[in-house]
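Written below as structure tokens is the structure these notes are about.
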Amino acid sequence: MSRPHIPFAVADVSAFAKSLRSQLAGRESLPSHVELLNMLARAGGHRNFQHFRAGAVAEPMVRETEPRLDSAKVEQVLRHFDAQGRMMRWPGKTNHQFLCLWAIWARIPSGERFSEAEISAFINAGHSFGDHAILRRGMVDEGLLARTPDGRVYRRIEQVPPPEGQAVIREVLRRGTRE
């Protein structure tokens, strides 16, 4: 009886090798066939070989120490902001729009509720192209702001921005404090 072929791929071969090495270093003898299969599966981010065979998606056990930052994208996004840290124009690319929204989101105080006029004032302080509605709607659609069904009360949704969003926020806030 032939065995089915199971493809095996890892996102980061270096992290995979490090995990496998650390598992092997703690042993005094060579692992058995089944133990080796389990070690390979764990190094690839699965609980064990059966978990891997079942096709379950697990959180990787080996995480990158530093999230990767697309600095070219950050530079492209920052071109939409002036020297005072205000957004001058709405980007055409959706992924650039999302990063720009983080800079506006960072200006909104956390843990408070705001009326539509108050939230619009925070948004207006962060841009100069005159369309606060597209920014407010974008932040609601992207899950950065929550609003009541009648649209009268808004609040900032607390979350950790992606690495590019953090870089954009840092630079925009730096520009705003430099005057």
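Numbers below:
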{"read-out": "Any hit, the range 104-118, residues being among the hydroxyl-bearing types (Ser, Thr, Tyr) and in contact with a Phe, Trp or Tyr (Cβ under 6 Å, 6 or more places away or on another chain)", "value": "no"}
{"read-out": "Residue ID - modelled with the lowest pLDDT, chosen from residues in the range 102-113 that are in a loop (DSSP other than H, G, I, E, B) and within 21 Å of the chain's Cα centre (by Cα)", "value": "Ser110"}
{"read-out": "When residues of the range 50-61 are limited to those that are more than 13 Å from Ala9 (Cα to Cα) and open to solvent by 50 Å² or more (accessible area, probe 1.4 Å), the one modelled with the highest pLDDT", "value": "Gln50"}
{"read-out": "Meets criteria (out of contact with any Lys or Arg (no Cβ under 6 Å at 6 or more places or on another chain) and either assigned to a helix (DSSP H, G or I) or modelled with pLDDT of 95 or more (or both)) for Val77", "value": "yes"}
{"read-out": "Identity of the residue in the range 152-179, in contact (Cβ under 8 Å) with a residue 40 or more places away in the chain and among the basic types (Lys, Arg), that ends up most open to solvent (accessible area, probe 1.4 Å)", "value": "Arg178"}
{"read-out": "Members of the range 13-39 found to be open to solvent by 50 Å² or more (accessible area, probe 1.4 Å) and not hydrophobic (A, V, I, L, M, F, W, C), listed by number", "value": "Ser14, Lys18, Arg21, Ser22, Gly26, Arg27, Glu28, Ser29, Ser32, His33, Glu35"}
{"read-out": "So Glu118, is it within 22 Å of Ser71 (Cβ to Cβ) and either part of a helix (DSSP H, G or I) or open to solvent by less than 70 Å² (accessible area, probe 1.4 Å) (or both)", "value": "no"}
{"read-out": "Yes/no for Arg137 being assigned to a helix (DSSP H, G or I) and over 18 Å from Phe81 (Cα atoms)", "value": "yes"}
{"read-out": "Test: residue in the range 137-148 that is under 22 Å from the mean Cα position of the chain (by Cα), of a type in the set (D, E, K, R) and crowded, with 17+ Cβ neighbours inside 10 Å", "value": "no"}
{"read-out": "Selection status of Leu99, assigned to a helix (DSSP H, G or I), under 17 Å from the mean Cα position of the chain (by Cα) and surrounded by 16 or more Cβ atoms within 10 Å (Cβ to Cβ)", "value": "yes"}
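The values are calculated or read from the model by the stated rules, or taken from the named source; none is laboratory data. All values reported here derive from a predicted model rather than from experimental measurement. Backbone-built Cβ (ideal geometry, glycine too); neighbour counts: all protein chains shown. For accessibility, only protein heavy atoms count, side chains too; no ligands or nucleic acids. Shrake-Rupley method; radii C 1.70, N 1.55, O 1.52, S 1.80 Å.
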